[in-house]
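Asks: Got a structure for you, written out below as structure tokens; questions coming shortly.
The values are calculated or read from the model by the stated rules, or taken from the named source; none is laboratory data. Given the structure is predicted, the values throughout are model-derived calculations rather than measurements. Here the Cβ positions follow ideal geometry from the backbone for every residue, glycine too, while neighbour counts run over all protein chains shown.
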Amino acid sequence: MKWMNFWMLLAATTFAVGCGDSSKSKKGVGDAGGEGQPCFGNGTCLNGLDCELGFCVAAGPNNTNNTNNTNNTNNTNNNTAPSTCGNGIIDEGEECDGEVLTRCVDLGYDSGTLNCANCRFDESSCAFDGCGNGVIDTGESCDGMNLGAATCEFLGSGAGVLRCEPNCGGFDTSGCGPKCNNDRIEGDELCDGADVGQTCAGLGLGGGTLRCNTTCDGYNTQDCTSTTCGNGVIEGTEQCDQNALNGQSCTTQGFSAGTIACTATCQFNASGCSNLVCDLDVSCTALNTAICSCGGCLDDGVCGAFEDCVCADCRFETICSVCNNDGICAPFAESCACADCAEHIECR
């Protein structure tokens, strides 16, 4: 009887213990998802907990869902295809993508809404406190019409209308014009300082250095090394070019009459010029002897058509006021006042 009671007690105890374990197992399944409890069947937990080894634990720097775990952007599962703007993930080189968590105040502004455009921050709606009150407050570059001392020219542009950005954070130079001599071709400028945009060769002037003029509307070709004979412009070593004679004539070239011309090689052609050599000690040797009378000095108080500058009648004429000072007397052009003619018979 004693042994029967013992076995009955043992069976009852075993049954009670078995029921207790069954109760614990059911309680664990029913409370899944909480901290220290089993994860849900899909491997997730409640309240931001991480599922680790089948149980829910508090998120931490070493948990499997952290940026360093297998779900990280450096994980091999995420390197197969780079993300693009618009996928809702901030990839390398992007400041935002979709929802913007950064605020205007995080960027140094006082207020406003930071937006995302093409995965870059759009700060146009951010503002400093007081922006729009016409006073340049701390952090503002300008405010409305108040630009401080700033002008288009001060900011390196040409004359124009400078404006303030709507958020007071900078200047709008779209209304400023180009600035000559800032080494940058702008607007209707042909060139600007070192920014010539053309070469001597490009203008048909050979080599050399083409420069811009000081008003940015034309070229300075004086340092171009080659010339173009026949373009009507005297360049380089040219004496003349077509009808461009550089102010020269037969008389400036040492002749007394005639018409000077320009050759096809841009040098003077003096074949149309003539000398009237009509002095007392030189025979008549003019190019055009038909009009040379060699009549000498008449000394009648009137400078005759064929009297030389050494004649007393002509020595004060304007045409006789030139002295070449080359050691050779040119009596048709030089008077006795010139050292070259001091030994001329009419000057002794």
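Asks: Please verify whether CYS262 is touching a Phe, Trp or Tyr at 6+ places or on another chain (Cβ under 7 Å) and modelled with pLDDT of 75 or more, treating the condition exactly as stated. Spell out how you get there, then give the answer.
Replies: On the way: touching a Phe, Trp or Tyr at 6+ places or on another chain (Cβ under 7 Å): yes; modelled with pLDDT of 75 or more: yes.
Considered against the rule, which asks whether it is touching a Phe, Trp or Tyr at 6+ places or on another chain (Cβ under 7 Å) and modelled with pLDDT of 75 or more, CYS262 comes out as yes.
Asks: Shifting gears a bit: Within the group ILE136, ILE89, which residue is under 30 Å from GLY34 (Cα atoms), at pLDDT 85 or above and in a loop (DSSP other than H, G, I, E, B)?
Replies: Values: ILE136 fails: under 30 Å from GLY34 (Cα atoms).
So the residue among ILE136, ILE89 that is under 30 Å from GLY34 (Cα atoms), at pLDDT 85 or above and in a loop (DSSP other than H, G, I, E, B) is ILE89.
Asks: Which residues, counting only those in the range 140-151, are in contact with a strand residue (DSSP E or B) (Cβ under 8 Å, 6 or more places away or on another chain), of a type outside the set (Ser, Thr, Tyr) and either surrounded by 15 or more Cβ atoms within 10 Å (Cβ to Cβ) or in contact (Cβ under 8 Å) with a residue 60 or more places away in the chain (or both)? Let's see the steps before the verdict.
Replies: First, pick out the residues of the range 140-151 that are in contact with a strand residue (DSSP E or B) (Cβ under 8 Å, 6 or more places away or on another chain): 141-147, 150.
Adding the requirement that they be of a type outside the set (Ser, Thr, Tyr) leaves 142-147, 150.
Within the range 140-151, CYS142, ASP143, GLY144, LEU147, ALA150 meet the criteria.
Asks: Still on this structure: Select from the range 155-177 the residues that are modelled with pLDDT under 90 and outside any loop (DSSP other than H, G, I, E, B) and write down the one among them that is surrounded by the most Cβ atoms within 10 Å (Cβ to Cβ).
Replies: CYS176
Asks: A further question on this structure: List, please: which pairs have Cβ atoms under 6 Å, are six or more places apart or on different chains, and start with a residue in the range 124-139 that is farther than 13 Å from SER111 by Cβ and end with one that is surrounded by 15 or more Cβ atoms within 10 Å (Cβ to Cβ) and acidic (Asp, Glu)?
Replies: The qualifying pairs are GLY134/ASP143; VAL135/ASP143; ILE136/ASP143.
Asks: Pairs, please: C-beta under 8 Å, at least 6 apart or cross-chain, first residue farther than 21 Å from CYS320 by Cβ and loosely packed, with under 13 Cβ neighbours inside 10 Å and in the range 260-278, second at pLDDT 90 or above and of a type in the set (Val, Ile, Thr)?
Replies: none
Asks: If a residue has to be exposed (fewer than 15 other Cβ atoms within 10 Å of the Cβ) and either part of a helix (DSSP H, G or I) or small (Gly, Ala, Ser) (or both) to count, how many in the range 318-338 make the cut?
Replies: 4
Asks: Of the residues CYS152, CYS180, which single one is in a loop (DSSP other than H, G, I, E, B), within 30 Å of ALA127 (Cα to Cα) and of a type outside the set (D, E, K, R)? Don't jump to the end; show me each part of the working.
Replies: On the way: CYS180 fails: within 30 Å of ALA127 (Cα to Cα).
Only one candidate passes the filter, namely CYS152.
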